[in-house]
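**Q** Please read through the structure below; I'll follow up with questions.
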Amino acid sequence: MKLFLASLLACAEIASSQIYGTPQPQVYAPSRLLQKVGINQKMGAAIPLDLTFNDESGREVQLRQYFGKPVVLALVYYQCPSLCNMVLNGIVRSVRNLDLAAGKQYQVVAVSFDPRETPSIAAAKKQTYLNQMYPDNNQRQAAANGWHFLTGSEISSKALADAVGFSFVYDSLTNQYAHSSAIMILTPGGRVARYFYGIEYPPRDVRLGLVEASNDTIGKPTDQVLLYCFHYDPTTGKYALVVMNVLRLAALITLAVLATFMIIMFRRDSRTSPHRGTT
């Protein structure tokens, strides 16, 4: 990811030198910007739910109104030329394959960290993704209650980013932001539960993250089996198979099958064997 950002900033540097002349090396160094970009995991940290933003209609809202359910949080900016769209596209690809419904069992909240962006920009971005996900108008209207695209002041977006350990930096030369790509799963009470990195978020991982964040109030009984076999690895931001747990589960299933078979056979023998005391 840092290589991608470095290449992007380097291209901007070359273009600028062609237009304005060769810049002084000490004035602009992409590597220095990248040193300020990254994600510092803050598992269990509480985000400030009283932070105020504007929703797509321009109405002032507090973060707390989107909680009470698990939240998929994406820190982006809507006029980003590439990476932010990849993050949002990754969310779309993931939740399309979930049997959990946005708005009913979880919320998707995108927050712009560019204070220059307006609710009208957010509204256009939201409509683009709703149209992409839901061709049917009735489905689109229902899903609108589960997808939220917020804008706000630099103070609010910076406070939220700091709470989840998301660092970004503005590059005045390219008029863009350097940032990492990730989404966070937050609990219904507003605490950081999971980080998923990159631009691809496996539906299984997102589902398990939402189930765990909800304290098992959503999902199916089969999810508990998966959570027993797969544990979240914070170093990779993914759910990894726990071989020992799989072996234990397989052993229990084998014992259960054998016990069932033996019970059936004993009952069958008792029905077919001659009664004691008969001549």
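**Q** How would you classify the range 59-108 from its alpha-carbon gyration tensor, with a ≥ b ≥ c the square roots of the eigenvalues: rounded for a/c under 1.5, else prolate if a/b is greater than b/c, otherwise oblate?
**A** Verdict is oblate for the range 59-108.
**Q** I've got another one for you. Using only protein heavy atoms and a 1.4 Å probe, report how much of ILE121 is accessible, in Å² to the nearest 10.
**A** For ILE121, the solvent-accessible surface is approximately 50 Å².
**Q** When only the heavy atoms of the protein chains count and the probe is 1.4 Å, how do TYR177, TYR106 rank by accessible area, highest first?
**A** TYR177, TYR106
**Q** Describe numerically, in nm with one decimal, the distance between label points set 7 Å from Cα along Cα→Cβ at GLN141 and at ASN215.
**A** 3.5
**Q** Using the beta-carbon distance between ASP233 and ARG191 and R0 = 25 Å, what value does 1/(1 + (r/R0)^6) give for FRET efficiency, to the nearest 0.05?
**A** Given R0 = 25 Å and the Cβ-Cβ separation, E is 0.85.
**Q** Taking a ≥ b ≥ c as the square roots of the Cα gyration tensor eigenvalues, with a/c under 1.5 meaning rounded and otherwise prolate when a/b beats b/c, else oblate, which class fits the range 88-213?
**A** Verdict is oblate for the range 88-213.
**Q** What is the spin-label model distance, in nm, from ASN175 to ALA159 if the labels are put 7 Å beyond Cα along the C-beta direction?
**A** Simple spin-label model gives 3.0 nm for this pair.
**Q** At a 1.4 Å probe radius, carbon and sulfur cover how many percent of the accessible area of the range 153-219?
**A** 49
The values are calculated or read from the model by the stated rules, or taken from the named source; none is laboratory data. No experiment lies behind these values; they were computed from the predicted model shown. Note: ideal-geometry Cβ built from the backbone for every residue, glycine included; neighbour counts use all protein chains shown. Accessible surface is based on the protein model in full, side chains and every heavy atom, while ligands, DNA and RNA are left aside. Shrake-Rupley method; radii C 1.70, N 1.55, O 1.52, S 1.80 Å.
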